[in-house]
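S.K.: One structure, pasted below without further comment.
The values are calculated or read from the model by the stated rules, or taken from the named source; none is laboratory data. From a predicted model like this one, the values you see are computed outputs, not experimental measurements. Quick reminder, even Gly has a Cβ in these numbers, built from the backbone with ideal geometry, and neighbours come from all protein chains shown.
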Amino acid sequence: MTYKFLIPIIVVPVVQRKLGDVRLNELCVWLGQGLFLKNHNTWYYRKYIDVRRGGIGRISMLLTGYCVLCYIWNYPHLKKERWRKYH
Amino acid sequence: MMVSFFDQFASPSYLGIPLIAVAIALPWVLYPTPPARWINNRLITIQGWFINRFTNQLMLPLNVGGHKWALLLASLMIFLITINMLGLLPYTFTPTTQLSLNMGFAVPLWLATVIIGMRNQPTVALGHLLPEGTPIPLIPVLIIIETISLFIRPLALGVRLTANLTAGHLLIQLIATAVFVLLPMMPTVAILTAAVLFLLTLLEVAVAMIQAYVFVLLLSLYL
């Protein structure tokens with residue numbers, strides 16, 4: 001792929017970038033102006049078009065977290081269930 | 001203190017917050033609500049397809065007046081299935097093992113069907129108390145029997161659900177305990193582990209349980 005270095009670098013204004021794309025020295029500018037500037041067009045895209053795909057990983061994390069939560073919730077009772085001689 | 005196998009059914013409470021609140025709120029999190037789109041993604045389409053098909057099946061014996069119950073019964077079915085299936089995960093708590101919850105489902109819904117029947121068509125509703133073609137001497141006895149059976153229905157609904165789920169969970173715990181105790185001795189363990197796994201699959205008869213629950217509820221709709 002020899003033509004890769006010919007792709008022009010597109011400069012997007014600081015304020016419109018997401019947090020992950022902002023460089024460290026531009027962080028203050030981003031924080032200051034990003035809070036006031038609300039681009040009213042993007043909410044539609046974010047709500048309806050760039051939706052994250054649900055997958056098996058997400059729901060299995062949820063269920064595992066639920067199991068762990070129930071374990072913690074039950075722990076005062078489960079303490080008694082350790083290796084006892086007579087159950 | 002005597003620790004029995006029934007302790008798993010005590011409603012666990014931590015820092016004063018009962019776990020049952022979380023366990024009941026969880027099923028609503030798991031199903032995505034369909035957005036107002038023409039064509040949805042695959043998950044929502046499959047979910048909608050299942051619910052539609054199930055509701056179709058459920059509404060078959062009913063006339064149009066009974067279709068008002070579609071929303072209630074379909075959501076009840078999904079709620080109960082989810083709760084029971086989630087209870088199969090380790091350490092989780094199944095709220096439907098509590099008799100209070102099941103009676104709380106059974107009695108109001110049954111009472112609603114009876115009252116609606118009495119209000120709209122009192123003669124027909126009372127007429128159900130006597131099956132057709134009974135010999136005349138048997139009529140008084142049969143009316144009493146039918147009345148008793150009518151009043152026992154909510155009890156049966158609630159207790160059936162409770163008993164089935166409790167029995168299932170108890171069996172799982174018993175067999176699992178047996179497996180652990182027999183671990184030093186090898187061959188028995190393999191057979192017992194297979195039994196546990198099979199029992200777990202059988203406990204996805206929790207789904208059939210819910211079918212039975214909602215269907216019996218439906219049968220009492222002589223709307």
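S.K.: Can you work out which of the residues in region B:28-39 that are part of a loop (DSSP other than H, G, I, E, B) and surrounded by 10 or more Cβ atoms within 10 Å (Cβ to Cβ) is modelled with the lowest pLDDT?
M.R.: Applying the first criterion (part of a loop (DSSP other than H, G, I, E, B)) to region B:28-39 yields B:31-39.
Pick out the ones that are also surrounded by 10 or more Cβ atoms within 10 Å (Cβ to Cβ) and you get B:31-32, B:34-35.
Values: B:Tyr31: 83, B:Pro32: 79, B:Pro34: 78, B:Pro35: 75.
Residue satisfying both the conditions and the ranking: B:Pro35.
S.K.: What do you reckon, is B:Val107 part of a helix (DSSP H, G or I) and within 23 Å of the chain's Cα centre (by Cα)?
M.R.: yes
S.K.: Now, a different point. Go through region B:152-169 and give me each residue that's over 22 Å from B:Phe93 (Cα atoms) and surrounded by 12 or more Cβ atoms within 10 Å (Cβ to Cβ).
M.R.: The answer is B:Arg153, B:Pro154, B:Leu155, B:Ala156.
S.K.: Please go through region A:54-64 and pick out each residue that is more than 7 Å from every other protein chain (Cβ to nearest Cβ) and not in a helix (DSSP H, G or I).
M.R.: If the condition is that a residue be more than 7 Å from every other protein chain (Cβ to nearest Cβ) and not in a helix (DSSP H, G or I), then A:Gly55 is the only one that fits.
S.K.: Related question: Looking at the structure I just gave you, is B:Pro61 more than 14 Å from chain A (Cβ to nearest Cβ) and either among the basic types (Lys, Arg) or surrounded by fewer than 18 Cβ atoms within 10 Å (Cβ to Cβ) (or both)?
M.R.: Here the answer is yes, as B:Pro61 does meet what is asked.
S.K.: Report yes if B:Val181 is more than 24 Å from B:Trp110 (Cα to Cα) and touching a His at 6+ places or on another chain (Cβ under 9 Å), otherwise no. Quick ask: steps written out before the conclusion?
M.R.: Working: more than 24 Å from B:Trp110 (Cα to Cα): yes; touching a His at 6+ places or on another chain (Cβ under 9 Å): yes.
Here the answer is yes, as B:Val181 does meet what is asked.
S.K.: Could you run through region B:40-58 and say how many residues are away from every other protein chain (no Cβ under 13 Å) and either exposed (fewer than 10 other Cβ atoms within 10 Å of the Cβ) or within 21 Å of B:Leu88 (Cβ to Cβ) (or both)?
M.R.: Of the residues in that region, 2 qualify.
Quick grid of which residues meet (1) surrounded by 13 or more Cβ atoms within 10 Å (Cβ to Cβ); (2) part of a helix (DSSP H, G or I); (3) touching a residue at least 40 places away in the same chain (Cβ under 8 Å):
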{"position": "B:Ile148", "(1), (2), (3)": "no, yes, no"}
{"position": "B:Leu171", "(1), (2), (3)": "yes, yes, no"}
{"position": "B:Pro184", "(1), (2), (3)": "no, no, no"}
{"position": "B:Gln211", "(1), (2), (3)": "yes, yes, yes"}
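S.K.: Just checking, how many residues over region B:46-85 are of a type in the set (A, V, I, L, M, F, W, C) and outside any helix (DSSP H, G or I)? Before the answer, list the steps.
M.R.: Looking only at region B:46-85, we keep the residues that are of a type in the set (A, V, I, L, M, F, W, C), and these are B:46, B:49-51, B:54, B:58-60, B:62, B:64, B:69-74, B:76-81, B:83, B:85.
Remaining after also requiring outside any helix (DSSP H, G or I): B:60, B:62.
Total meeting the criteria: 2.
Rundown of residues vs (1) within 14 Å of chain B (Cβ to nearest Cβ); (2) modelled with pLDDT of 65 or more, yes/no style:
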position: A:Val11; (1), (2): no, no
position: A:Lys18; (1), (2): no, no
position: A:Asp21; (1), (2): no, no
position: A:Val29; (1), (2): no, yes
position: A:Leu37; (1), (2): no, no
position: A:Asn41; (1), (2): no, yes
position: A:Tyr66; (1), (2): yes, yes
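S.K.: Before we move on, is B:Leu88 closer than 30 Å to B:Thr177 by Cβ and either within 14 Å of another protein chain (Cβ to nearest Cβ) or not in a helix (DSSP H, G or I) (or both)?
M.R.: When the stated conditions are applied, B:Leu88 passes them.
S.K.: While we're on this one: Kindly check whether there is at least one residue in region B:153-162 that is closer than 27 Å to B:Leu72 by Cα, in contact (Cβ under 8 Å) with a residue 40 or more places away in the chain and not in a helix (DSSP H, G or I).
M.R.: no
For (1) at pLDDT 85 or above; (2) over 23 Å from the mean Cα position of the chain (by Cα), each residue gets a yes or a no:
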position: B:Leu142; (1), (2): no, yes
position: B:Arg153; (1), (2): yes, no
position: B:Asn164; (1), (2): yes, no
position: B:Pro184; (1), (2): no, yes
position: B:Leu192; (1), (2): no, yes
position: B:Leu202; (1), (2): no, no
position: B:Met209; (1), (2): no, no
